[in-house]
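Here the structure comes first, spelled out in structure tokens, and everything after it is commentary.
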Amino acid sequence: MRIGIVCPYSFDVPGGVQFHVRDLAEHFIGEGEEVSVLAPADSETTLPGYVVSSGGATPVRYNGSVARLNFGPVTAAKVSRWLDHGRFDVLHIHEPMAPSVSVLALMAADGPIVATFHTSMIRSRTMQTAYPIIRPALEKVAARIAVSEDARRTVTTHIGGDAIVIPNGVYVDRFAAAPHRPEWTSTPERPTIAFLGRMHEPRKGLPVLAAALPAVLDEVPGLRLLVAGPGDPVEVTDGWPERVRQAAEFLGSVSDEDKASLLASADVYIAPNTGGESFGIILIEAMSAGACVLASDLPAFSRVLDGGAVGAMFRNEDPAHLAEQLIGLLKDPERRRELATSGQARAHLFDWSVVADQIRAVYETVVEGRLAAQTEPSTRWNRFLRGGAR
Amino acid sequence: MSDVLSWVFAVLFVLVVIAWYLTYTAARLDRLHVRLTGTLAALDAQLVRRAEASLELAHSGLLDGATSLILATAAAESLENPGEHGEIREAVENDLTEALHVSVTEEVGETLHEDGPLGVDHLARLRSACMRVQLARRFHNDAVTDVRRVRRKWVVRLFRLAGHTPMPRTVEFDDEMPPGLVA
């Protein structure tokens with residue numbers, strides 16, 4: 001199968017959609033398919049061989065945040081060339097509403113189209129103004145996929161119709177094979193716990209964890225808190241008690257390999273997020289790496305953790321409950337091992353191989369329908385409307 | 001004189017715009033109808049595949065006699081009506097889903113799984129067929145929703161842009177995965 005994938009966001013900077021596209025493309029290439037990805041990227045950025053750059057991206061304020069997008073007549077011509085040259089059996093467009101190569105590809109394309117919706121937070125005013133412009137083009141989409149229930153709800157309320165929910169995939173084996181690092185591994189006197197994410201964003205929950213730590217340090221004085229992610233430690237730790245500050249170690253932004261090793265090495269991985277999580281892919285990564293997970297009881301987290309069966313949970317934004325759960329886990333290595341083992345088993349449900357099989361089924365259904373439609377007889381009037389094609 | 005001429009041009013311009021809009025809408029509708037034909041054909045194909053997979057399982061000798069009979073009857077019913085649409089077909093597919101639910105229970109799924117490669121193979125084929133029925137029906141109903149929305153537009157109704165094509169309706173039947181196939 002020749003598969004064309006369009007990513008609207010620049011490959012210059014990392015991001016959820018970019019990773020999703022990269023992983024999906026690599027999975028299908030591994031299965032012997034022909035895959036080409038079209039995405040904005042600067043000429044200096046080194047790209048994998050299967051990515052075609054649509055040109056440098058411009059930072060634009062859109063839908064409440066700054067996104068690096070690519071548009072304009074030159075880009076539109078490039079998109080058309082890529083489509084003509086690729087002659088894809090199926091075109092998979094990510095974020096079809098993003099005003100970048102996605103919309104351009106959607107407008108220019110004329111074959112079986114699959115669209116994946118990632119965001120769940122499109123503002124209704126953006127939708128109201130943008131929608132009439134691209135509604136006719138969106139009607140070309142033969143199959144809609146949403147990466148989460150929340151993203152699906154956005155589709156059903158704003159666009160109408162329905163979408164199939166196929167979550168993000170995780171390369172479970174890649175995380176499972178991560179080596180332990182001695183500097184992050186606990187000793188009997190000095191157990192380690194890990195936090196990952198942008199530390200200055202309150203909804204990632206670091207303040208909740210910091211508020212819980214004094215009680216934990218009373219019971220487990222040697223505890224080390226390893227914090228990985230972008231942010232300024234001085235600013236973040238402002239107002240923390242001195243001994244909590246002493247216990248925290250800031251690693252800054254870490255590579256994918258380091259992230260996996262950190263998750264594998266720490267005794268407990270803590271996800272104190274207070275909201276805004278639609279899926280919780282980081283929990284699945286932690287489970288894959290064999291970490292014991294302690295997370296807030298957000299609905300998305302609860303779904304991933306099977307209602308608490310494969311990871312411990314605490315009441316959202318309740319530091320006292322967090323401390324109680326954490327102390328319990330730190331004092332019970334047996335329970336930690338059990339949770340880690342069952343978590344790793346469950347993570348396989350979210351593996352890329354499972355997810356990609358579902359996406360392949362979508363491709364095949366769409367392609368089959370297109371072939372059937374082409375064998376239908378057409379009248380002169382139909383041919384006129386299709387610009388003499390077929 | 002020039003007054004008359006500019007009026008003529010104005011009217012001509014308006015006519016051209018109207019003509020363009022009508023052709024544009026007609027092309028849009030035509031594209032939607034092509035998509036609809038495709039999704040319906042895909043749904044038909046997947047339903048046949050599901051019925052065939054059910055029939056194979058019924059004939060495999062892996063199920064007990066009574067269950068096989070229930071499943072085979074329902075599957076044969078579905079295979080007898082290929083290409084037919086409407087309430088009768090929906091009822092038939094509903095019956096097949098129900099038959100699958102009573103025959104491929106969780107216990108049966110586990111037993112088949114332990115029975116060896118043949119059972120696993122049958123389960124995998126049936127699971128894939130059931131999943132694709134769900135996908136195909138969802139995609140078809142999405143296309144129906146889009147077509148109906150455009151066909152409700154006043155230009156489409158006033159100029160009869162849809163011609164004699166009947167108004168499509170969504171296909172409604174239970175396509176829930178039988179418990180023995182989940183996970």
Members of region B:149-181 found to be farther than 30 Å from residue B:53 by Cα, touching a Ser or Thr at 6+ places or on another chain (Cβ under 9 Å), surrounded by fewer than 17 Cβ atoms within 10 Å (Cβ to Cβ) and within 12 Å of another protein chain (Cβ to nearest Cβ), listed by number: B:153
Can you name every residue in region A:178-201 that is loosely packed, with under 12 Cβ neighbours inside 10 Å and not acidic (Asp, Glu)? A:179, A:182, A:187, A:188
Taking region A:299-328 and keeping residues buried (at least 22 other Cβ atoms within 10 Å of the Cβ) and either modelled with pLDDT under 90 or out of contact with any Pro (no Cβ under 9 Å at 6 or more places or on another chain) (or both) leaves A:301, A:304, A:305, A:310, A:311, A:326
Check residue B:134 against each of (1) closer than 26 Å to residue A:351 by Cβ; (2) of a type in the set (S, T, N, Q); (3) assigned to a loop (DSSP other than H, G, I, E, B) and name the one condition it does not meet. (3)
Selection over region A:230-249 where residues are closer than 21 Å to residue A:293 by Cα, of a type outside the set (D, E, K, R) and surrounded by fewer than 17 Cβ atoms within 10 Å (Cβ to Cβ) yields a count of 0
Between a residue in region B:1-25 that is surrounded by 10 or more Cβ atoms within 10 Å (Cβ to Cβ) and any residue that is of a type outside the set (Gly, Ala, Ser) and part of a helix (DSSP H, G or I), which pairs come within a Cβ distance under 7 Å, given they are 6 or more apart or on different chains? B:22/B:155; B:25/B:155; B:25/B:156
For the list (1) of a type outside the set (Lys, Arg); (2) more than 26 Å from residue A:132 (Cα to Cα); (3) touching a residue at least 60 places away in the same chain (Cβ under 8 Å), I need the number of the one condition that residue A:93 fails. (2)
Qualifying strands (runs of 3 or more DSSP E) (wholly inside region A:1-84; at least 2 residues being under 19 Å from the mean Cα position of the chain (by Cα)): A:2-6, A:34-39, A:65-69
The condition from (1) over 16 Å from residue A:283 (Cα atoms); (2) buried (at least 22 other Cβ atoms within 10 Å of the Cβ) that residue A:224 misses is numbered (2)
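Is it the case that residue B:165 is assigned to a loop (DSSP other than H, G, I, E, B) and without any contact (Cβ under 8 Å) to a residue 40 or more places away in the chain? Lay out the reasoning, then the answer.
Numbers: assigned to a loop (DSSP other than H, G, I, E, B): yes; without any contact (Cβ under 8 Å) to a residue 40 or more places away in the chain: no.
The answer is no for residue B:165.
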Test residue B:170 against the criterion of being hydroxyl-bearing (Ser, Thr, Tyr), part of a loop (DSSP other than H, G, I, E, B), in contact (Cβ under 8 Å) with a residue 12 or more places away in the chain and closer than 21 Å to residue A:115 by Cβ, and give yes or no. yes
Give the residue that is farthest from the other protein chains (Cβ to nearest Cβ), with candidates limited to residues of region B:25-60 that are among the basic types (Lys, Arg) and under 30 Å from residue B:181 (Cα atoms). B:50
Over region A:131-169, the set of residues more than 12 Å from chain B (Cβ to nearest Cβ) and closer than 22 Å to residue A:101 by Cα is A:131, A:132, A:133, A:134, A:147, A:151, A:154, A:158, A:168
Suppose the filter is assigned to a helix (DSSP H, G or I) and either at negative phi or modelled with pLDDT under 85 (or both); does residue A:221 pass it? no
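Name every residue in region B:131-148 that is of a type in the set (D, E, K, R), more than 7 Å from chain A (Cβ to nearest Cβ) and under 9 Å from residue A:161 (Cα atoms), in order of residue number.
Here is the first cut: in region B:131-148, the residues of a type in the set (D, E, K, R) are B:132, B:137-138, B:142, B:146, B:148.
When the remaining residues are screened for being more than 7 Å from chain A (Cβ to nearest Cβ), the result is B:137, B:148.
Within region B:131-148, no residue meets the criteria.
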Check whether at least one residue in region A:256-270 is among the hydrophobic types (A, V, I, L, M, F, W, C), touching a His at 6+ places or on another chain (Cβ under 9 Å) and under 30 Å from residue A:4 (Cα atoms), and report yes or no. no
If residue B:124 passes every condition in (1) within 14 Å of chain A (Cβ to nearest Cβ); (2) surrounded by fewer than 21 Cβ atoms within 10 Å (Cβ to Cβ); (3) among the hydrophobic types (A, V, I, L, M, F, W, C); (4) within 23 Å of residue A:161 (Cα to Cα) but one, which one does it miss? (4)
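Yes or no, residue by residue, for (1) assigned by TED's automatic domain parsing to the domain that holds residue A:27; (2) within 22 Å of the chain's Cα centre (by Cα); (3) closer than 17 Å to residue A:295 by Cβ; (4) modelled with pLDDT under 90:
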site: A:148; (1), (2), (3), (4): yes, yes, yes, yes
site: A:152; (1), (2), (3), (4): yes, yes, no, yes
site: A:155; (1), (2), (3), (4): yes, yes, no, yes
site: A:189; (1), (2), (3), (4): no, no, no, yes
site: A:197; (1), (2), (3), (4): no, yes, yes, yes
site: A:203; (1), (2), (3), (4): no, yes, yes, yes
site: A:209; (1), (2), (3), (4): no, no, yes, no
site: A:213; (1), (2), (3), (4): no, no, yes, no
It is to be established whether one or more residues within region B:13-24 are at pLDDT below 95, within 14 Å of chain A (Cβ to nearest Cβ) and in contact with a Gly (Cβ under 9 Å, 6 or more places away or on another chain). no
Conditions first: (1) touching a Leu at 6+ places or on another chain (Cβ under 7 Å); (2) under 24 Å from residue B:134 (Cα atoms); (3) not hydroxyl-bearing (Ser, Thr, Tyr). Residue B:27 passes all but one, so which condition is the exception? (2)
Just checking, which of B:91, B:76, B:99 is small (Gly, Ala, Ser), farther than 24 Å from residue A:360 by Cβ and out of contact with any helix residue (DSSP H, G or I) (no Cβ under 9 Å at 6 or more places or on another chain)? B:91
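The values are calculated or read from the model by the stated rules, or taken from the named source; none is laboratory data. Owing to the predicted nature of the structure, the values given are computational and were not obtained by experimental measurement. Every residue, glycine as well, gets a Cβ built from its backbone with ideal geometry; the counts of neighbours run over all protein chains shown.
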